[in-house]
Amino acid sequence: MTDKNKSIHEFDLQLIVDYFANVERQGPGSPEITIKALSFIENLNENSLIADIGSGSGGQTMVLAENTPGNIIGIDLFPTFIDLFNQNAKKLNLQNRVKGIVESMDNLSFQEEELDLIWSEGAIYNIGFERGLKEWRKFLKTGGYVAVTEVSWFTDERPAEIEEFWNEAYPGIDTIPNKVSQMQKAGYVPIATFILPENCWIENFHLPQVEVQKRFLEENAGNEAVEGFVANQRHEAELYRKYKDYYSYVFYIGRKITV
Ligand code: SAH
């Protein structure tokens, strides 16, 4: 297998963390879509507790914090991201109600029914959409909300190149109606879904990486792992441009009900 076709999972984790520590966001998104998703969520107040799972360095968490009352806990597996997260909270003077902690999303330390809202942009794939929705549900109060983004197909059939890429990178990818059905079966009322527009990928995710890629290649000339990783990121961005009519990240917002 050439590096170009490697899945991100096959690269050294520290390399990936160092690379993504240089950009504001570690996944597709934008302040506008975070605020749009938030518009579907009711009943938040100063006493609310929100978890942002797989927060990365907190690009979307800070937007969330500036547009909602209550306390927010950001969770990420990697201390590098959580250090940046807490620095970012401090810069915005949000440190009293926004805190980042290192923890794994498959072993969260919340109490049952403690949370009013679970947020997760571009990260639930690490545990899997269905598994994440099912396992995290117990931490939500009845009536609490979940809002996650997940890569999804727009159509039942896709060109072979992109189908193969995603089936290898994330076999959990599925169509929007199937994801909505999974959310409902996991014990949530599907409140809203909307597709992340192109600027969430190109302007806010791919373009900020271009400078980092150049610098990484200059500073690590001859390092095959770095060259392979950068080639992989560029390939993924090219595929998006070529096949953006067939997939995107999609916001899925649900409300926990008693079943
Ligand atoms: N929400 C951020 C980051 C998305 S990238 C944004 O939209 O910009 C996915 C994030 O999930 C990364 O920060 C990665 O470190 C984190 N992650 C991966 N596996 C994890 C796990 N098991 N538990 C918690 N976080 C994890």
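Numbers for the structure displayed
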item	result
Cα centroid separation - the range 183-259 against the range 78-157, whole Å	17
Net charge over other residues, Cβ less than 11 angstrom from the Cβ of GLN182 (K, R count +1; D, E count -1)	+1
Virtual spin-label span in nm between GLU218 and THR155, 7 Å along Cα→Cβ	4.1
Degrees between helix 224-243 axis and first principal axis of the chain (Cα, 0 to 90, nearest 10)	70
Charge dipole (debye, nearest 20) of the range 134-217; +1 at Cβ of Lys and Arg, -1 at Cβ of Asp and Glu	700
The chain, relative contact order [Cα under 8 Å, separation at least 6], %	25
Net charge dipole size for the range 3-256 [Lys, Arg +1 and Asp, Glu -1 on Cβ; Debye, nearest 20]	740
Two-site label geometry, LEU77 and LYS134: point separation in nm, points 7 Å out along Cα→Cβ	2.0
ALA192-GLN14 pseudo-label distance in nm [points 7 Å out on the Cα-to-Cβ vector]	4.3
Cut-off 11 Å between beta-carbons: net charge of the residues surrounding PHE139, Lys and Arg +1, Asp and Glu -1	-1
Per-pair calculated FRET efficiency, R0 = 41 Å: ARG97 and TYR246 via Cβ, rounded to 0.05	0.55
Net charge over other residues, Cβ less than 12 angstrom from the Cβ of ILE75 (K, R count +1; D, E count -1)	-3
Value of Rg/Rh across the chain [Cα atoms, Kirkwood radius]	0.96
Folded to 0 to 90 degrees: helix 160-169 orientation relative to the chain principal axis, Cα	60
Helical mean residue ellipticity (222 nm; -39500 (n - 2.57) per DSSP H run of 4+; nearest 500) of the chain	-11500 deg cm²/dmol
Folded to 0 to 90 degrees: helix 176-185 orientation relative to the chain principal axis, Cα	40
Descending semi-axes in Å of the range 188-259, equivalent ellipsoid built from Cα gyration tensor	35, 14, 11
Neighbour cut-off at most 11 other Cβ (10 Å), DSSP loop, GluC sites (Glu not before Pro), the range 16-94	GLU42, GLU46
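Each reported figure results from applying straightforward, stated rules to the coordinates on display, with no laboratory input. Predicted model, so just to flag it, every value in this text is computed and none were measured. Backbone-built Cβ (ideal geometry, glycine too); neighbour counts: all protein chains shown.
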